[in-house]
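The values are calculated or read from the model by the stated rules, or taken from the named source; none is laboratory data. Computed from a predicted model, the values in this text were never measured in an experiment. When we count neighbours, we look across all protein chains shown, and the Cβ atoms used for this are built from the backbone with ideal geometry, even at glycine. Keep in mind that these areas ignore ligands, DNA and RNA; they rest on the heavy atoms of the full protein, side chains included. Shrake-Rupley method; radii C 1.70, N 1.55, O 1.52, S 1.80 Å.
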Amino acid sequence: MGSRASALALLLGALLFAVPASGLPAQSAVLKRNRAKRKRAGEQRLLNETQRPGGNHVAAALQRYLSNSELAAALKDLEKRCKGMARLVQFGSSAKGSPLWALEISDHPGVAEAEPAVKYVGGVHGDEPTGRVLTLALGEWLCANFKTDARAKRIVTSMHLWLVPAMNPDGFEAHTRGNAEGKDLNRDFPDRLASKEMEPSGGEQPETAAMMEWTLGSGPFVASASMHEGALVANYPWDGTNDESTRYEACPDDAAFKHLASVYASNHQTMALANNTEFPNGGTTNGAAWYPIYGSMQDWNYVKARCMELTLELSPSKWPAEKGLVQLWENNRDALLAFPLAAAFGGVWGSVQEHSSKGQELRPIAGANVTVVGIEDMPVFSQDAFGDYYRPLAPGRYTVVVSKEGYQTLAANLTVPADGSGAQRHFLLAAEGAEGGGEITHSLRSLGKTAEGVAPDGAAAAALPWHGGRKGEPGGGAEDGGGEGGTRSRDRWLMLATGGVCVYGLWSTHLRLQRRSHTRRL
Ligand SMILES: [Zn+2]
């Protein structure tokens, strides 16, 4: 017994001694093996990618940073190869005369459709080059995968996605943040705190002026994201505070922006992870809570173009090494696909229409005001050709008011589901004094174009009696009914509008502040 006990003690002692002695090298060997495994998995994924049709073009886009002329050639080549789903336009020129390119991805590029437009803008800062790579890779990937990947298919067939690889080509060439005039383009837009009209001064840089003109003249854009480096975060408005202090400055669409930023961050492979300790809110931040800036493209888009723009910081390194570009793409790909779909179809969207003067035929109403109660300052408008509208919203319950001068106002309670599937609602407005307004279920096919996920029953669409919500929805149609609903909701709308004007007056009086220069990190 004694010898067995001492033998056991010896064995235990040897084990205790052996574990710490060999623990560290063993651990580092495991880490090394895991790293190698991850690297092999990444290489395998890229190999799989390149073996798909068109995949070699995705891989080529991820090899290195292309010069401005190489990038232009790559975009033209993509347009030629992906004929019928890509169209390259020059929307302006830089200070030194370099073309500013935008690539439209759609199954009907250049054709007005009952579809939303979304854009990605890279290279606002010349010394932050990943947007050039990611936009080109995204264009190639969509071209290669739109027949086989459901997300790619929906983007190509249900929206017009615009890719601007380089807003500041001169800065890229010179490796500088600003453009050829040394101006930071993300401080060059009219600022909401300097003047509430936010009209251009005329002194904007050519890149800024071209971006504003193109943004307002195309689309209309529902959402947008610009691509930067220097951190890993999805940043949303407001960017500035009226006293230059660093604090959370919520815009009217704070909930929707938080939601969209978190769609990007949570679909990114690492942005929302706990080890991104600088941004513990799931890899998202309010712009002014991080550091206030003035004249940003993001705030301008939101106010002037009703385009909900995020500012994406995609790498802690300002100029990531070229060997990391494949991983950068891997990290961002799902997020780049998820964001446009969530913005365009994850809130409330549909159309506004009326009966033609001849009878039952439906025709679109352009410029109808679609307002969410509680966010009255930021209505969206039904679009020109087909009367379609898109209002990004966070999941939740809302009351939407649809109005246009000369028509009876409609209101509807609705739920934007948490699963991202959105609330699709079509409104039939009746002229003042006429009957028959209400919500309808019909396909936009009846307007000559198709929309994803709509049953092809447009021709037989029947107007439903007006109701305040969908059948079975709590609160739907309970308090108002019949033809009076429109009048009652118009009264409610008038009250809300009057209240809104008062609040706005107080707010703008409060904000008599000068636009000031500011130092900042990014
Ligand atoms: Zn930047």
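Within the P(r) computed for the stretch 221-358, what percentage of the Cα pairs occupies the region above 20 Å?
47 percent
Are there any chymotrypsin sites (Phe, Trp or Tyr not before Pro) in the stretch 208-296 that are in a DSSP loop and have at most 13 other Cβ atoms within 10 Å? List them by number.
Tyr248
Whole Å is fine, so just give me how far the alpha carbon centre of the stretch 264-338 lies from that of the stretch 376-437.
Going from one Cα centre to the other spans 30 Å.
Just the accessible area for Arg363, please: 1.4 Å probe, Å², rounded to the nearest 10?
It works out to around 100 Å².
Once the convex hull of the alpha carbons of the stretch 46-345 is built, what does its volume come to per residue, in cubic angstrom?
120 Å³
Could you state how much accessible area Ser315 has, in square angstrom rounded to the nearest 10, with a 1.4 Å probe and all protein chains kept in place?
The accessible area of Ser315 comes to roughly 10 Å².
Excluding ligands, DNA and RNA, what is the solvent-accessible area per residue of the stretch 324-386 at a probe of 1.4 Å, expressed in Å²? Write out the running numbers ahead of the final one.
Working: 2080 Å² over 63 residues.
Per residue, the stretch 324-386 has 33 Å² of solvent-accessible surface.
Relative contact order of the stretch 277-408: what whole-number percent is it, with Cα pairs under 8 angstrom and at least 6 residues apart?
Numbers: 141 pairs, mean separation 25.5, N = 132.
Relative contact order, the stretch 277-408: 19 percent.
Using every alpha carbon pair in the stretch 137-261, what percent of pairs falls into each 5 Å bin from 0 up to the bin containing the largest distance?
All Cα pairs, binned at 5 Å, distribute as 2, 8, 13, 17, 21, 18, 12, 6, 3, 1, 0 percent.
Give me the percent relative contact order of the stretch 46-345, please, defined on Cα pairs under 8 angstrom at least 6 residues apart.
On the way: 656 pairs, mean separation 64.3, N = 300.
Rounded, it is 21 percent for the stretch 46-345.
Could you pull out the pairs from Lys196/Lys318; Lys96/Lys318; Lys147/Lys323 whose alpha carbons sit more than 26 Å apart here?
Long pairs (Cα-Cα over 26 Å): Lys196/Lys318; Lys147/Lys323.
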